[in-house]
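Scroll down for the structure; my scribbles are underneath it.
The values are calculated or read from the model by the stated rules, or taken from the named source; none is laboratory data. As the structure is a prediction and not an experimental result, all values here were calculated from the model. Because the Cβ atoms are built from the backbone with ideal geometry, glycine has one as well, and the counts that use them run over all protein chains shown. Accessible surface is based on the protein model in full, side chains and every heavy atom, while ligands, DNA and RNA are left aside. Shrake-Rupley method; radii C 1.70, N 1.55, O 1.52, S 1.80 Å.
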Amino acid sequence: MQSNRNRIKTILEELSKFTATPGAGTTRLSYSPEDQLARTYLKKQMKQVGLKVREDAVGNIYGRLEGKDASLPAVMVGSHFDSVPNGGSFDGPAGVVTGLEVAALFQENQLQPVYPLEVIAMVEEEGSRFGSGLLGSRMLAGQVSAESLTSMKDKDGISVNEAMLALGFNGNQLTEARRTAKDVKAFIELHIEQGPVLEEAGEDVGILETIVGMTEIKVTITGRAGHAGTTPMNARQDALAATVQIVADLPQLAMDAAEATVLTIGKLTVYPNGANVIPNVVVFTVDVRSKSEACVQSVIQQVKTIIQTKTPKGITAEIEEMLYEKPVQLSEKIHQQLRANSEALGLKSRSMVSGAGHDAMIFAGFTEVGLVFVPSKDGLSHTPEEWTDYEQVQKGIEVVYETVKQLTEVEI
Ligand code: HGY
Ligand code: MN
Ligand code: MN
């Protein structure tokens, strides 16, 4: 293999050090101190492999290798560099290191592409800080309003735009960050599978055909706080007691759906969260995904009906849609190229459907997209135990490298 395993390993290990929870996985929220450490490191790595580095108005990091014809649209390779709370070291960074390694191989082999090559490291794919996923790619795709960047706030009440401004970025300059088919020829993302399929099958890479549709709603249940000791049970407006009744029925909706559908209540916060205080507010999220958009819509509609019908008198329920992405078909042409290159490299591959959302699904809205999976140990992800052998990452990078050489029309 042409790629350099040690270089890949070093970058992934260095990135994993930029975490707010050392010893308990990677916690790297967008525009946080850990983001800034990772940002500085990534910009240095991009320069080292001969890329011209810039950050767009919202903090996505770019490294560009000029093509013979600079007016042609770029072939982009990358992923996100934020994480979930207490996540792993590969979710996102495996795709960013792929871009860096491809650029390093271009430099080492003095390859001159016709189409420009761009490496990208994106912010806020997980939505862990501001509650709305795929934000970095949705901002560059023109799917986010400047107003929403002032309304979306983190747990401390800091808005996306305030967090951006503190680092010298500016959510009011979204047009500067915009990318379109005019300047992006293709986007290739390598990502860990985050499931057990490749490992169980003993295969090297997954080549994605489809990414499931996903939606996330935030539900706020409001009652009235009170003294746990002196308030009779029939005089309470207990927001948590109401929430428990509502959420108990939700997972079954996904199990009963016509096609494979998943429903997750991943976040639930109780206010004021005192042992001797009747909760007055509970905020929780509901994440629903399926390859079938009809299933996503039907399950979400049933969720809303249950919330409305099960909210007792004296309690109110407010529902806010945080994300809605339809299922996405990826480029058939690039899919074939990735499969053929895997075969030519003697690697075992399979076509797959992604149950996880990825920045690739946003790029698929305006350009040709390829998504490559590498195996996850025990299928684990979004946990400190997340692991992929460096050799496995390397095999995926080899497939991406061959494909990017073709897409940028490197003269062999
Ligand atoms: O939630 C997801 O599927 C991705 O990890 N953001
Ligand atoms: Mn990811
Ligand atoms: Mn993730």
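Percent of accessible area on the stretch 165-312 owned by carbon and sulfur, 1.4 Å probe?
Working: 3720 of 7020 Å².
Ligands and nucleic acids excluded, carbon and sulfur reach 53 percent.
Taking a cut-off of 15 Å between Cα atoms, list the aspartates and glutamates near Lys153, but don't count ones fewer than 8 places away on the same chain.
Glu124, Glu126, Glu162, Glu320, Glu321
Given a cut-off of under 8 Å on Cα pairs at least six residues apart, what relative contact order in percent is computed for the chain? Don't jump to the answer; show the numbers that get you there.
Details: 949 pairs, mean separation 92.7, N = 412.
For the chain, the relative contact order is 22 percent.
Keeping all protein chains in place, calculate the accessible area per residue for the stretch 215-323 (probe 1.4 angstrom), answer in Å².
On the way: 5820 Å² over 109 residues.
It amounts to 53 Å² per residue over the stretch 215-323.
How many nm separate the modelled label positions at Thr220 and Lys9, each set 7 Å beyond the Cα in the direction of the Cβ?
5.0 nm
Mind checking the dipole of the stretch 215-323: about its Cα centre, +1 per Lys or Arg Cβ, -1 per Asp or Glu Cβ, Debye to the nearest 20?
Magnitude of the dipole: close to 360 debye.
Looking only at the stretch 300-338, which residues have a backbone nitrogen under 11 Å from a spot 7 Å from the Cα of Asp256 in the C-beta direction?
302-303, 306
Heavy atoms of the protein only, probe of 1.4 Å, neighbouring chains included. What is the accessible area of Tyr41 in Å², nearest 10?
Tyr41 has an accessible surface of roughly 30 Å² with all protein chains in place.
With a 1.4 Å probe and all protein chains kept in place, how do Lys377, Lys185 rank by accessible area, largest first? Before the final figure, lay out the partial values.
Values: Lys377 100, Lys185 55 Å².
Largest accessible area first, the residues go Lys377, Lys185.
Using only DSSP helix segments of four residues or longer, with each worth -39500 (n - 2.57), what per-residue ellipticity at 222 nm results for the chain after dividing by its residue count and rounding to 500? Spell out each step's value before the answer.
Values: 14 runs with 141 residues, N = 412.
Rounded to the nearest 500, it is -10000 deg cm²/dmol.
Which entries of Lys47/Lys348; Lys185/Lys326; Lys9/Lys291; Lys52/Lys218; Lys17/Lys377; Lys17/Lys155 show an alpha-carbon separation above 29 angstrom in the structure shown? Numbers along the way, then the final one.
Working: Lys47/Lys348 34 Å; Lys185/Lys326 22 Å; Lys9/Lys291 34 Å; Lys52/Lys218 40 Å; Lys17/Lys377 21 Å; Lys17/Lys155 24 Å.
In this structure, Lys47/Lys348; Lys9/Lys291; Lys52/Lys218 lie more than 29 Å apart at Cα.
Once you charge only the Cβ atoms, +1 for Lys and Arg and -1 for Asp and Glu, what is the size of the charge dipole of the chain about its Cα centre, to the nearest 20 debye? Numbers along the way, then the final one.
Details: 38 positive and 53 negative charges, 162 e Å.
In debye, rounded to 20, the chain gives about 780.
Starting from the Cα of Ala70, step 7 Å toward the Cβ, then list every residue of the stretch 103-117 with an amide N under 15 Å from that point.
Those under the cut-off are 113-117.
Where in the stretch 242-276 is the amide nitrogen less than 15 Å from a point lying 7 Å along the Cα-to-Cβ axis of Met233?
Taking a point 7 Å out along Cα→Cβ of Met233, the residues of the stretch 242-276 whose backbone N falls under 15 Å are 242.
Considering only Pro116, Met139, Pro85, whose Cα is most displaced toward the positive end of the charge dipole of the stretch 38-163, charges sitting on Cβ of Lys, Arg (+1) and Asp, Glu (-1)?
Farthest along the dipole direction, towards plus: Pro116.
Assuming a ≥ b ≥ c are the square roots of the Cα gyration tensor eigenvalues, decide whether the stretch 8-154 counts as rounded (a/c under 1.5), prolate (otherwise, with a/b larger than b/c) or oblate.
On the way: a/c = 2.53, a/b = 1.33, b/c = 1.90.
Cα axes put the stretch 8-154 in the oblate bin.
Could you pull out every whole DSSP H run in the chain that spans at least 30 Å of Cα extent along its own axis and averages 0.0 or higher on the Kyte-Doolittle scale? Walk me through the intermediate numbers first.
Values: long enough: none.
Answer set is empty.
To the nearest 10 Å², what's Thr311's accessible area with a 1.4 Å probe?
Probe radius 1.4 Å; accessible area of Thr311 about 30 Å².
For labels at Glu385 and Ala294 in the simple 7 Å Cα→Cβ model, what's the distance in nm?
Calculated label separation equals 3.8 nm.
Within 10 Å, count the other beta carbons around each residue, average over each peptide in 367-374, 261-268, and list them highest first.
367-374, 261-268
Take the Cα coordinates of the stretch 261-412, assign each an equal point scatterer, and use the Debye formula without solvent to give log10 I(q)/I(0) at q = 0.16, 0.19, 0.20 Å⁻¹.
-1.04, -1.26, -1.33
Quick check: pseudo-label points 7 Å beyond the Cα along Cα→Cβ at Arg350 and Glu411, how many nm apart are they?
Placing both labels 7 Å beyond Cα along the Cβ direction yields 4.3 nm.
Test of understanding: what is the full-extension gain from Thr269 to Lys17, defined as 0.36 nm times their sequence separation minus their Cα-Cα distance? If you can, show how the numbers build up before the last one.
On the way: separation 252, 0.36 × 252 = 90.72 nm, distance 2.84 nm.
Working it through step by step, the gained length comes to 87.9 nm.
So, counting K/R as plus one and D/E as minus one, what does the shell of residues with Cβ under 15 Å around Leu240 add up to? Could the numbers behind the result be given before it?
On the way: positive: Arg224, Arg236, Lys267, Lys310; negative: Asp238.
Neighbour charge sum, excluding Leu240 itself: +3.
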